[in-house]
Amino acid sequence: MTNQVVKSAIAHHNDIQLNYYDGAEKQTMKPVMSPYVMRHIEEFTSFTSFSTNDQLLEVGCGMGKFTFPLLRKGLKITGLDLSPNLLQKLLEYNNNTFQINLISSDILEIPEQYNEQFDHVIGFFTLHHFHHLETYYQAMARILRPGGTITFVEPNAYNPLYYLQILLSPRMTWAGDKGVAMMRKSKFHSAAKYVGLEHLRIRHYGYFPPFLYNTKPGRKIDHFLDKLRVFRPVSAFQIVQLSKPEK
């Protein structure tokens, strides 16, 4: 038998993520004030109504694509990302404009000093990259104050265009993006039950990717479709929130 080192499934998964995000700089991750980005920000802030006194941890903040618009709204954010390279890019884009603390860590390994230090844990298109939903929700609940929330903007697993995009897009792989299929209400219920979270809330919205939504006709059609509730179950995006019980 050949001697070998066997990595845990999570360590292997994290290696895949690091290799993907630490390669050539991803143009789609750069901070930009586009209509597409601001659509997500406006949907998110209207759904959450966080206070500017709240302490937020953004999981998977990357280069700050969604971080900077929230900072401009006066929210207090600590950014966390697995990749030190992406955090360094965030600092470069920030150029000392905003006060922001950064943590380079897997959320599973965040130091105990952060236990119950945050009012809310948030993320944008990050949750579907996690290897085991229940385990990661448990880690996020640990650093959350009682009564706090965990809120993520994610793809909707029931939108068939995501799977076509994974198949056809050179910047997406099944290994890195297959978690889209896990972004279902039943999975969120399962994770909530496992961790002891409550009050699942989900809002579906939007249909078009950036290259369409960033055009005026695209935005008009997208908002028109949003008003037709019949299409909501297969919308492209969803905001998912769970709460930590009060003590």
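The values are calculated or read from the model by the stated rules, or taken from the named source; none is laboratory data. Computed from a prediction, not measured in an experiment: that's the story for all the values here. Every residue, glycine among them, receives a Cβ derived from its backbone with ideal geometry; neighbour counts consider all protein chains shown.
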Fill in: Matching residues in region 97-125 - criterion: being over 25 Å from THR45 (Cβ atoms), more than 17 Å from the chain's Cα centre (by Cα) and not in a loop (DSSP other than H, G, I, E, B)
GLU109, GLU112, GLN113
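TYR158 - would you say it is touching a residue at least 24 places away in the same chain (Cβ under 8 Å) and surrounded by 20 or more Cβ atoms within 10 Å (Cβ to Cβ)?
Considered against the rule, which asks whether it is touching a residue at least 24 places away in the same chain (Cβ under 8 Å) and surrounded by 20 or more Cβ atoms within 10 Å (Cβ to Cβ), TYR158 comes out as no.
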Worksheet item: Out of LEU144, LEU164, LEU133, which single residue is among the hydrophobic types (A, V, I, L, M, F, W, C), within 29 Å of SER51 (Cα to Cα) and at pLDDT below 95?
Response: LEU133
Item to complete: Kindly check whether there is at least one residue in region 43-53 that is modelled with pLDDT of 75 or more, in a helix (DSSP H, G or I) and under 23 Å from PHE211 (Cβ atoms).
Response: yes
Item to complete: Look through region 84-95, keep the residues that are without any contact (Cβ under 8 Å) to a residue 60 or more places away in the chain and over 24 Å from PHE50 (Cβ atoms), and return whichever of them is surrounded by the fewest Cβ atoms within 10 Å (Cβ to Cβ).
Response: ASN95
Worksheet entry | Exclusive hit being charged (D, E, K, R), farther than 27 Å from ALA181 by Cα and surrounded by fewer than 19 Cβ atoms within 10 Å (Cβ to Cβ), set GLU134, GLU42, GLU109, GLU116 | GLU116
Discussion item. All but one of (1) surrounded by fewer than 17 Cβ atoms within 10 Å (Cβ to Cβ); (2) closer than 26 Å to PRO210 by Cβ; (3) modelled with pLDDT under 95 hold for PRO31; state the number of the condition that does not hold.
Written reply: (1)
Discussion item. Condition first: touching a residue at least 24 places away in the same chain (Cβ under 8 Å), out of contact with any Pro (no Cβ under 9 Å at 6 or more places or on another chain) and surrounded by fewer than 14 Cβ atoms within 10 Å (Cβ to Cβ). Now tell me which residues in region 210-247 satisfy that.
Written reply: PHE231, PRO233
